[in-house]
Every structure is written in C-alpha cells, then in structure tokens.
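The next block holds one structure in the form of structure tokens; read it before the comments.
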Amino acid sequence: MSEDEALPTKVGRLRLDEDERDQDCSGLAHRTTRDKRKKPGKSKRNPSPSSNSSSSSSSSSSSSPSSSCSNAEQEVFELRITEDKGAGLYATRRIAAGTCIISEKALLTIAAADDGNEEAFTRAFSRLSKAAQTTYLGLYDAKKSRQSKVMSIYYSNCYKQRGRNSGPPPNEAKEGEDEDSCIGALASRINHSCIPNVQFSFDAEHRQMTFHAIKAIPRGKELLGNYADVVLSTTRSRKSRQQEMLLHYGFRCRCEACEPQTEFWEKSDDRRRAVGVCKREMVELKDRGKGDKSLARKDKKDMLQVVGRLEGLLVKEGLVGCPLGDLYAKVARWAEKYKDWDEALRWRRKESEVYETCYARGSARVRDVKRKIGELETHIAGG
C-alpha cells in the first residue's frame with residue numbers, strides 16, 4: 001500500500017453532557033463552555049450525546065505528564081460544544097509553535113498482534129475501572145459495521161503509536177508494518193482538518209499521548225489534528241478526501257481546504273497537485289544520479305530548485321509539520337548519498353527545527369536527527 005493510500009490513523013470526538021464543568025487532565029486545566037454560534041466551513045459531524053459522558057476526563061487525568069511534555073501549559077484551551085460540530089478544543093490564548101498543549105495517559109492501548117481481535121478488546125476493556133469504562137463508552141462512535149461497540153469506538157478514535165504520525169524516527173517504522181495503537185479521553189476531542197495545527201506523538205515509556213502546536217494558534221482557534229495520511233496526499237482531491245472521511249468516520253470534512261470560503265483556499269487542490277509534480281521530479285532526479293557517486297553540479301542545482309518550489313508550496317498550504325520535516329529529511333539523505341556533507345548538514349538542521357516544533361525535544365525522532373547532525377559536524381570538522 002502506498003503512502004498516499006494508507007489507511008486512516010483513526011481519531012474521533014467526545015460529546016459531553018450539559019452540566020460538565022472544570023476538569024483536569026494530566027496537569028492541563030480546561031474549561032467546558034457552550035457556543036451556539038455557527039462556524040461556517042468547519043462543520044464535520046454531530047454525533048448524538050452520550051448520557052454517560054459527564055465524567056469523561058476523570059480517568060485520563062490520573063497520571064502526571066511524561067517528562068517529554070512536562071512543560072505543558074496551563075489554561076491554554078477550553079472544551080466547547082457547538083451546535084454544528086459537537087465537542088472541540090479551542091485556544092483560550094495565543095499558543096506559540098512548539099508548545100506542548102496536551103499530555104495524557106492513554107485510556108486504552110492495543111498491541112498490533114491483537115488488532116481486530118474482539119476477545120482482546122473485551123479483555124482490555126474489562127480491565128478498566130468503572131469510571132474509565134464510562135468515559136470510554138461516551139467517546140464518539142462512527143458505528144462501524146460488524147464490530148462490537150467497544151471495537152467501533154476504539155477504531156473511531158485511536159492513534160497509531162508509531163509511523164509518520166508519532167514519535168520514532170522514520171527509519172524505525174517499516175512500510176506496511178503493523179503498529180500498536182492507543183486511545184485517549186482528551187485526545188478524542190481533537191477534531192480533524194486537512195490543514196492541522198497540532199501534532200500527535202506517543203511516549204511509550206510513560207504510555208503518554210502528547211500534542212504539540214506545529215504553528216502559532218490564535219486565541220479562539222480550534223485545535224485540529226489530521227485523522228489520516230490521506231489528508232496530506234497529493235493525489236487526492238478535496239472531494240476524494242471528504243469521501244474518505246465519510247467512509248471511515250461518518251462525517252464529511254468541511255475545513256478550509258475541503259470547503260473553501262476564499263479564493264486562496266479555492267486553489268488548495270492546485271497547490272497539492274503541484275506538490276505531487278515536485279515529488280515526482282525529485283524521484284526522477286534521484287534516479288538520474290544512480291550509479292554515479294559524484295554529485296553533478298547541474299543535478300544539484302536542479303534538485304535544489306525543485307526542493308525550493310516544494311518547500312514553498314507546503315508552507316503556503318499550511319502543511320508545516322511532518323510533511324515539511326520529512327521533505328528536509330529526504331533532501332539530507334540525498335546529499336549524504338553523494339557525500340555532500342555541508343549540504344546534508346544544512347538540511348538536517350532544518351529537519352531538526354521542524355521536528356523540535358512537532359515533537360518533544362527528548363523524543364526519539366528529535367534525538368535521531370540530533371545524532372545525525374553531530375555525526376555530520378564531526379565529519380566536517382575532521383576534514
């Protein structure tokens with residue numbers, strides 16, 4: 001299965017009762033409010049409220065934040081319920097890029113070997129406390145056919161622990177490899193956008209789910225993640241992405257890129273197609289140099305021109321998280337292949353800057369790129 005065809009990294013939402021108030025989750029205080037204003041162009045789904053969901057967050061707040069996200073900010077978001085979207089998290093003040101916004105202990109984790117095993121899900125659910133079970137059953141359910149309620153809720157809200165949407169270095173997650181997954185009470189309230197502003201990562205040592213701001217988030221703006229790699233696909237139109245979300249999650253995405261309200265966002269599909277063109281040109285240029293260990297001056301110039309166009313398109317489209325970091329990593333590997341150490345170091349530093357924003361500074365992915373930077377600096381210094 002190609003990257004652009006990867007199945008969704010399932011996430012969802014929780015709809016709360018009217019009387020839910022101040023709660024604390026892993027040291028993050030947040031408020032629950034009701035906002036009856038319609039927000040055009042943002043509606044996704046409106047699941048029925050659960051009568052059991054008023055105690056939600058209590059079980060997930062039993063642990064302290066992991067060391068990788070111990071600087072999580074207080075009072076940076078609140079939980080709102082709107083008529084058009086249901087529950088969602090909104091910034092209560094401006095959040096700087098790189099801020100660790102959420103850190104919570106996973107409510108439930110499922111090993112890759114138990115994926116799809118109903119007995120395993122039943123056992124895992126039965127080990128939860130009564131309060132945690134109540135929280136779990138209040139999470140959004142896309143009502144996936146031929147699945148028990150416990151499994152359907154899980155697959156409507158879970159995150160993969162590895163791969164491009166979490167913390168380990170890219171080379172540690174092999175194509176097609178099964179991944180352990182997890183679900184969080186607060187994480188499940190983060191809604192979807194094809195232009196996300198937060199990035200998920202998982203601290204396996206502490207079973208902690210964390211979310212960092214990948215760009216500055218203005219006060220009042222909703223915190224939004226991406227539910228699937230397909231939203232970053234350059235081969236999928238907005239209509240195709242909407243169909244994908246409807247199929248897997250029971251809602252039609254209405255973010256800026258999918259239901260544009262301005263001329264700028266009307267051109268989103270054009271930009272994404274241009275990204276695809278640049279990626280194909282990069283592949284052609286890399287293939288052109290196969291068998292030749294010396295980096296021809298023209299090949300380098302051509303490659304950097306394509307990379308510059310691709311970088312500009314990603315930034316313009318707002319895809320400044322993993323897509324941008326992954327681009328820098330690919331260019332660095334290309335330069336390393338031809339032993340252009342100075343060029344490789346330049347792109348590794350850019351890669352590090354992006355990943356330090358997306359993930360905790362002590363995460364495996366950041367440590368990996370820092371190690372590579374150190375090796376390059378040592379090599380260059382030694383001549």
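The values are calculated or read from the model by the stated rules, or taken from the named source; none is laboratory data. What you see is a predicted model, and the numbers here were worked out from it, not measured in a lab. All Cβ positions, even for glycine, are placed from backbone atoms using ideal geometry, and neighbour counts span all protein chains on display.
Couple of notes before you dig in:
- Test set (1) out of contact with any Cys (no Cβ under 9 Å at 6 or more places or on another chain); (2) crowded, with 21+ Cβ neighbours inside 10 Å; (3) not hydroxyl-bearing (Ser, Thr, Tyr) - Ala360 fails condition number: (1)
- For the range 321-343, the criterion of being in a loop (DSSP other than H, G, I, E, B), under 24 Å from the mean Cα position of the chain (by Cα) and buried (at least 21 other Cβ atoms within 10 Å of the Cβ) is satisfied by at least one residue.
- Options Tyr328, Tyr359; residue that is within 26 Å of Met209 (Cα to Cα), at pLDDT 95 or above and either in contact with a helix residue (DSSP H, G or I) (Cβ under 7 Å, 6 or more places away or on another chain) or not assigned by TED's automatic domain parsing to the domain that holds Arg207 (or both): Tyr328
- In summary, Ala124 fulfils each of the numbered conditions (1) in contact with a strand residue (DSSP E or B) (Cβ under 6 Å, 6 or more places away or on another chain); (2) surrounded by fewer than 23 Cβ atoms within 10 Å (Cβ to Cβ); (3) closer than 21 Å to Gly321 by Cα; (4) of a type outside the set (Val, Ile, Thr) with the single exception of condition (3).
- Filter result (modelled with pLDDT of 65 or more and in a loop (DSSP other than H, G, I, E, B)) within the range 157-195: Cys158, Gln161, Arg162, Glu179, Asp180, Gly184, Ala185, Leu186, Ile190, Ser193, Cys194, Ile195
- Verdict on Arg272 being part of a loop (DSSP other than H, G, I, E, B) and within 19 Å of the chain's Cα centre (by Cα): no
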